[in-house]
Amino acid sequence: MQLKDENSVLSVLTLDPFHGGSHRQFTECLASTSRHHWHVISGKPVHWKWRMRSAPIDFAKRTQELIATVGYPDVLFCTDMLDLPAYLGLIADARIQQLPKVVYFHENQWTYPVSPNKRVDNHFGYTNLLSALTADEVWFNSQFHLDDFINGSRNFLKQMPDTRELHSLDALQAKARIIPPGFSPPLAPAKIKINDHNAGLGKIGSPVEQTTNRPADRAAENDVSNQTDPQITVGWVSRWEYDKCPEKFVNFLRMLTAAELNFRLILLGARPRHPVPQLQEINATYKTRILHDGFATDIENYWCLLSQMDVVVSTADHEFFGIAICEAIWAGAIPIVPDKLSYREHIPASCRYQTLSDAVSLVAKYTSTAARHHQSNLCKQHIEPMQTSGIIKQIDTHLTELASQASL
């Protein structure tokens with residue numbers, strides 16, 4: 001095998017069984033911006049259990065077809081949704097089996113929250129563990145996630161009647177890296193469009209372009225330390241699913257109302273096919289406060305909506321990274337997030353809350369535009385290293401090193 005140097009351009013076989021959401025966003029970013037060549041084999045982002053079970057035999061066949069077209073790759077890169085040992089057994093190709101292998105963990109099935117009234121199926125967590133043990137390197141999107149996976153694996157192994165010593169978690173940790181998926185800022189600052197019925201700029205649903213800067217920026221430019229905003233715009237960017245706890249968000253809005261805080265709402269986030277009771281309640285109760293509810297029309301509109309948020313709120317019980325929160329921060333919103341999960345790694349302690357009452361107090365604090373400006377800058381500094389431009393360079397370097405080691 002030819003020795004790889006730092007300038008080598010690798011061929012990377014990429015296996016992504018559940019090609020949707022953050023998985024797709026990450027894979028497509030790699031394929032489009034890495035200096036290496038990424039050849040992606042992907043599955044539909046539906047029926048995740050079927051994807052995990054059927055992807056090995058499907059991808060083994062498609063890999064042979066790809067090899068016939070573009071030749072053999074230098075590295076194998078897959079997500080946590082692939083049963084890697086099953087795939088390697090089914091492909092029955094020594095050159096593929098001997099490739100340096102990386103598994104990227106977006107989530108893990110030991111601790112990913114299950115739907116209400118359902119039980120955790122440990123078969124899928126054990127599949128994750130065997131894939132991690134098989135790989136040469138295991139990459140996690142946060143330190144919290146790595147620790148969470150190790151703890152989940154350890155708790156499961158304690159239940160096994162034998163062979164526990166064959167599952168070396170120390171060896172797994174030794175080959176683990178923390179590689180955030182990152183976020184991609186817009187190439188140019190988004191134009192801010194404001195739906196402000198109180199300011200006479202137009203009624204809700206009819207945005208009018210605003211050429212001035214955000215209120216917090218105006219406060220900084222004018223050096224007004226005691227300026228306050230009569231209204232604060234609260235954003236939501238999470239999925240409307242049980243693990244993001246939208247019922248807590250409803251309670252939070254009730255508490256904001258009880259505190260007589262004047263707020264508006266921008267409601268983004270992916271929605272399930274079935275109606276979300278909490279979202280229906282929000283629409284019924286706070287109709288006159290809602291500036292936007294639903295998907296953005298395109299990426300420019302998405303960043304425009306993020307740029308209108310003064311604060312972005314999470315009530316999640318599950319978050320292994322949080323790309324959308326990072327995007328909102330970069331657009332200028334101050335995060336109001338639980339003091340747990342991966343948030344502790346890239347959100348300042350001054351923006352994390354223990355209780356919903358604490359969260360309401362934080363929102364009240366940031367009615368001061370000067371306070372918002374200061375905190376926004378601090379939050380941006382925390383996430384600046386997580387821009388995809390820098391993350392992709394790290395990934396390119398790590399893959400080159402891995403391929404070089406394999407060629408010795």
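The values are calculated or read from the model by the stated rules, or taken from the named source; none is laboratory data. All figures in this text were calculated on a predicted structure; none of them were measured in a lab. Please note: Cβ atoms are built from the backbone with ideal geometry, for glycine as well, and neighbour counts cover all protein chains shown.
Structure notes:
- Residue in the stretch 64-74 that is of a type in the set (Asp, Glu) and surrounded by fewer than 21 Cβ atoms within 10 Å (Cβ to Cβ) present: yes
- Strands (runs of 3 or more DSSP E) enclosed by the stretch 1-111 - at least 3 residues per element that are over 27 Å from Ile325 (Cα atoms) and touching a strand residue (DSSP E or B) at 6+ places or on another chain (Cβ under 9 Å): 11-16, 37-42
- Qualifying residue in the stretch 123-142 (condition: over 21 Å from the mean Cα position of the chain (by Cα), more than 26 Å from Pro180 (Cα to Cα) and not charged (D, E, K, R)): yes
- Within the stretch 79-100, residues that are free of Cβ contacts under 8 Å to residues at least 24 places away in the same chain reach partners that are loosely packed, with under 15 Cβ neighbours inside 10 Å and of a type in the set (Phe, Trp, Tyr) with beta carbons closer than 6 Å, at six or more positions or on different chains, in the pairs Arg95/Tyr72.
- Filter result (among the β-branched types (Val, Ile, Thr) and in contact with a helix residue (DSSP H, G or I) (Cβ under 9 Å, 6 or more places away or on another chain)) within the stretch 357-371: Val360, Val363, Thr369
- Only one entry in Ala403, Ala328, Ala324, Ala333 is outside the structural domain of Leu305 (by TED's automatic domain parsing), aliphatic (A, V, I, L, M) and buried (at least 21 other Cβ atoms within 10 Å of the Cβ), namely Ala403.
- Some residue of the stretch 262-285 being in contact (Cβ under 8 Å) with a residue 24 or more places away in the chain and in contact with a His (Cβ under 6 Å, 6 or more places away or on another chain): yes
- For the stretch 372-379, the criterion of being in contact with a strand residue (DSSP E or B) (Cβ under 8 Å, 6 or more places away or on another chain), of a type in the set (S, T, N, Q), surrounded by 20 or more Cβ atoms within 10 Å (Cβ to Cβ) and over 30 Å from Asp74 (Cα atoms) is met by at least one residue.
- Residue check, Asp93 under 21 Å from Val138 (Cα atoms), assigned by TED's automatic domain parsing to the domain that holds Pro45 and charged (D, E, K, R): no
- Checking Phe156, Phe124 one by one, the residue that is within 20 Å of Arg53 (Cβ to Cβ), in the same structural domain as His398 (by TED's automatic domain parsing) and either in contact with an Asp or Glu (Cβ under 6 Å, 6 or more places away or on another chain) or surrounded by fewer than 18 Cβ atoms within 10 Å (Cβ to Cβ) (or both) is Phe156 and no other.
- Unmet criterion (only one of (1) over 23 Å from Ser142 (Cβ atoms); (2) out of contact with any helix residue (DSSP H, G or I) (no Cβ under 8 Å at 6 or more places or on another chain); (3) surrounded by fewer than 22 Cβ atoms within 10 Å (Cβ to Cβ)) for Gln354: (1)
- Remark: pairs (first residue in the stretch 139-163, more than 18 Å from Pro113 (Cα to Cα); second residue outside any helix (DSSP H, G or I) and of a type in the set (D, E, K, R); Cβ separation under 9 Å; 6+ apart in sequence or on different chains) = Trp139/Arg177.
- Number of positions in the stretch 159-192 that are surrounded by fewer than 16 Cβ atoms within 10 Å (Cβ to Cβ), part of a loop (DSSP other than H, G, I, E, B) and over 24 Å from the mean Cα position of the chain (by Cα): 7
- Answer residue from the stretch 263-292, given it is at pLDDT 95 or above and either surrounded by fewer than 14 Cβ atoms within 10 Å (Cβ to Cβ) or among the polar types (S, T, N, Q) (or both) and is farthest from Pro230 (Cα to Cα) among those: Pro277
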